[in-house]
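The values are calculated or read from the model by the stated rules, or taken from the named source; none is laboratory data. Just so it is clear, the structure is predicted and the values come from calculations on it, not from any experiment. Cβ atoms come from the backbone with ideal geometry, glycine included; neighbour counts cover every protein chain shown. These area figures cover heavy atoms from the full protein model, side chains too; ligands, DNA and RNA do not enter into them. Shrake-Rupley method; radii C 1.70, N 1.55, O 1.52, S 1.80 Å.
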Amino acid sequence: MISDRQLVEDYRSGQQAGLEHLIDRYRDDLFRFCCHLSLDRQEAEDLFQEVWVRVLRKLEKYDPERPFKAWLFQVTVNLHKDRYRKWKKLRERLTLAWTDDNSKLSEPGDGAPLTEDFLLKKEEFLYLEQCLRTLPKRYLAPLILFYYEEFSYESIGEVLDVPLGTVKSRLNQGKKLLKAAMGGRDHEATSG
């Protein structure tokens with residue numbers, strides 16, 4: 001597989017395919033992250049498009065020593081902050097429940113019947129998503145990056161532009177708040 005660094009260099013040297021490969025490589029992860037931040041599929045699509053426009057404008061400034069995905073997610077977070085500067089408006093949006101379309105849990109394929117186990121897992125997942133949305137933004141982003149995107153503490157710090165200690169503190173506090181929001185129910189995202 002061609003490295004991100006090489007794809008960036010290819011694009012910088014005039015090969016459009018380099019950027020196309022980067023978009024293909026990170027399309028799903030980035031769109032899922034945009035959905036988590038936006039809480040609305042249409043807004044997530046808009047954010048996704050705006051991120052790639054901004055990446056195009058700033059790709060010359062990208063430092064290839066940094067992981068591309070961390071830089072891409074940092075661009076996304078910064079753009080999201082720009083779009084939603086007023087916390088009160090964002091807080092109202094966070095109280096909305098997600099629709100099934102934004103869920104990571106997919107329906108069984110090939111027309112397989114919905115099993116009780118699948119429905120229980122889906123219900124738990126949607127409940128977890130709803131509880132996540134009640135958290136203050138400063139705790140939501142680190143939890144999403146750590147549990148959904150599997151970023152390291154260091155990468156989360158880079159994306160959010162905060163020190164490592166702050167990342168650990170926000171993850172710890174976020175887990176406590178999430179557990180309280182869930183009424184003490186034990187879920188995988190609250191352990192660890």
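Summary table below
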item	result
Subset of segment 21-59 that is in contact (Cβ under 8 Å) with a residue 60 or more places away in the chain and within 21 Å of Leu160 (Cα to Cα) - its residue that is surrounded by the fewest Cβ atoms within 10 Å (Cβ to Cβ)	Asp29
Selection status of Glu124, modelled with pLDDT under 85 and surrounded by 14 or more Cβ atoms within 10 Å (Cβ to Cβ)	yes
Condition check for Tyr148: in contact with a Phe, Trp or Tyr (Cβ under 9 Å, 6 or more places away or on another chain), at pLDDT below 90 and surrounded by fewer than 20 Cβ atoms within 10 Å (Cβ to Cβ)	yes
Residue in segment 103-116 that is at pLDDT below 90, in a helix (DSSP H, G or I) and open to solvent by less than 20 Å² (accessible area, probe 1.4 Å) present	no
The one condition in (1) open to solvent by 70 Å² or more (accessible area, probe 1.4 Å); (2) at pLDDT below 80; (3) assigned to a loop (DSSP other than H, G, I, E, B) that Glu92 fails to fulfil	(3)
When residues of segment 174-192 are limited to those that are open to solvent by 100 Å² or more (accessible area, probe 1.4 Å) and not in a loop (DSSP other than H, G, I, E, B), the one modelled with the lowest pLDDT	Glu188
Close pairs from segment 128-150: first in contact (Cβ under 8 Å) with a residue 40 or more places away in the chain, partner open to solvent by less than 10 Å² (accessible area, probe 1.4 Å) and not in a helix (DSSP H, G or I), Cβ under 9 Å, at least 6 apart	Leu128/Met182; Cys131/Met182; Leu140/Arg133; Leu143/Leu135
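Residue-by-condition table, conditions (1) farther than 30 Å from Gln130 by Cβ; (2) modelled with pLDDT of 90 or more:
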site: Val8; (1), (2): yes, yes
site: His21; (1), (2): yes, yes
site: Arg25; (1), (2): yes, yes
site: Leu30; (1), (2): no, yes
site: Leu37; (1), (2): no, no
site: Gln42; (1), (2): no, no
site: Val75; (1), (2): no, yes
